[in-house]
Amino acid sequence: MQQRSLKNVLVSGGMGFIGSNFIRFMLKNNPDFSGRIVNLDVLTYAGNPANLADIDAAYQGSRYFFEQAGIGDRQIVENIFKKYEIDTVVHFAAESHVDRSILGPEGFIRSNIIGTYTLLEIARDCWASRRDVLFHHISTDEVYGSLGSEGRFTETSPYDPRSPYSASKASSDHLVMAWGSTYGFPVTLSNCSNNYGPCQFPEKLIPLSILNMIEGKPLPVYGDGKNIRDWIHVDDHNRAVWTILTKSPAGEKYNIGGENEWENIRLLHTLIDITARKAGLDTEKLRASVTFVKDRPGHDRRYAIDCSKIKKQLGWNQAVPFEEGLGRTVDWYLANPAWISAVRSGEYRNWIKRNYEER
């Protein structure tokens with residue numbers, strides 16, 4: 001199998017949860033990569049420079065470069081492509097929270113659809129007829145809709161999005177694959193299940209629950225708590241992305257999953273056990289704080305990923321057992337109270353304003 005060489009990689013949305021972990025993996029934990037990373041992020045509410053403070057200190061100006069801009073800022077991004085001689089795009093940038101998409105869908109349409117279109121066109125213009133380049137699009141299993149009690153999503157499962165967020169990601173998926181088919185543009189695409197790990201913004205189930213336990217707040221659960229998700233550690237996801245970048249032929253699509261299905265309520269009680277033990281909290285008091293709340297509109301009942309294609313074709317496998325990964329995640333949040341405080345208070349937004357927006 002021929003290995004693709006990556007020299008100058010543009011990571012969109014690299015200050016977010018998965019993107020920042022991908023950059024750290026590439027520069028600190030991946031001896032097979034010796035190139036440069038350009039982090040393109042507009043710094044929305046979920047983009048936090050503190051996520052990559054150690055990377056900035058160690059690599060800024062040599063192998064790591066940060067550029068503050070949106071994926072829709074065409075002239076700026078074109079200049080970045082030329083300045084850094086970009087040969088690979090890893091497109092994480094997206095509005096990604098279902099609840100926010102229900103309350104305000106316009107931003108999701110603008111970022112996830114129009115933004116992806118613009119980035120595709122910039123890359124196509126800059127790369128012209130080159131074939132030693134690649135545009136990899138990061139997507140979600142939510143584009144497939146909801147499963148019943150049996151079966152798993154495969155790469156050929158029909159799309160059936162149920163929220164403004166998943167509809168916007170489904171649209172961006174179709175744009176990416178259409179650019180590959182219509183223009184012969186070198187693209188790959190991955191649809192991943194629920195990620196967890198360090199630096200995840202505390203609007204998502206796992207970090208929200210950990211922080212609410214630490215702060216003595218109620219632990220909210222939608223509906224009856226029996227919605228099922230397939231969970232994967234962010235490190236396993238990012239190793240899968242690296243595998244696609246270096247090994248996959250252009251035009252391929254892969255599902256990435258943990259093969260690790262959990263009901264939300266069962267996950268929460270497992271997380272209670274782990275957090276109580278590590279933080280010295282009262283387990284029964286935490287269990288008593290579980291609060292069932294009105295279900296989210298259009299809440300998909302079950303997701304499950306069949307990731308046999310990437311395993312068989314590219315040789316990737318998961319490496320982080322779930323309860324071990326949960327323990328490591330709890331340890332990270334317990335060890336980073338300053339990060340939590342800045343995010344909870346919004347102070348990190350003031351830091352961004354002082355250090356980036358006013359420069």
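The values are calculated or read from the model by the stated rules, or taken from the named source; none is laboratory data. None of these values were measured; they are calculated from a predicted model. Cβ sites come from the backbone with ideal geometry, for glycine too, and all protein chains shown count toward neighbours.
Taking the criterion of being among the hydrophobic types (A, V, I, L, M, F, W, C), assigned to a helix (DSSP H, G or I) and either surrounded by fewer than 18 Cβ atoms within 10 Å (Cβ to Cβ) or at pLDDT below 95 (or both), the residues of segment 275-313 that qualify are A279, A288. Consider segment 84-94 and keep the residues that are part of a loop (DSSP other than H, G, I, E, B) and not aliphatic (A, V, I, L, M). The one that is nearest to S181 (Cα to Cα) is D87. Residues that are of a type in the set (V, I, T) and touching a helix residue (DSSP H, G or I) at 6+ places or on another chain (Cβ under 9 Å) were ranked within segment 175-203; the one that is farthest from D87 (Cα to Cα) is V176.
Restricting to segment 38-50, name every residue that is closer than 12 Å to M15 by Cβ and at pLDDT 95 or above. Passing the criteria: N39, L40, D41.
Within segment 58-85, the set of residues being of a type outside the set (F, W, Y) and touching a Cys at 6+ places or on another chain (Cβ under 7 Å) comprises E78, K82. Within segment 93-123, the set of residues being surrounded by 24 or more Cβ atoms within 10 Å (Cβ to Cβ) and of a type in the set (F, W, Y) comprises just one member, F108. Which members of segment 136-172 meet the condition of being hydroxyl-bearing (S, T, Y) and buried (at least 18 other Cβ atoms within 10 Å of the Cβ)? Answer for segment 136-172, where residues must be hydroxyl-bearing (S, T, Y) and buried (at least 18 other Cβ atoms within 10 Å of the Cβ): S139, T140, Y144, S157, S163, Y165, S166, S168, S171, S172.
The residues in segment 194-204 that are surrounded by fewer than 22 Cβ atoms within 10 Å (Cβ to Cβ) and hydrophobic (A, V, I, L, M, F, W, C) can be counted, and the count is 1. Scanning segment 18-64 for residues that are aromatic (F, W, Y) and under 30 Å from F108 (Cβ atoms), we see that the one that is surrounded by the fewest Cβ atoms within 10 Å (Cβ to Cβ) is Y45.
I'd like the full set of residues that are among the acidic types (D, E) and without any contact (Cβ under 8 Å) to a residue 40 or more places away in the chain, limited to segment 198-240. Listed by number, the list holds a single entry, E215. If you go through segment 95-144 and keep only what is closer than 17 Å to V42 by Cβ, among the polar types (S, T, N, Q) and not in a helix (DSSP H, G or I), you end up with just S96. When the helices (runs of 4 or more DSSP H) confined to segment 314-359 are screened for residues that are modelled with pLDDT under 85, those reaching at least 1 such residues are found at 337-345, 347-352.
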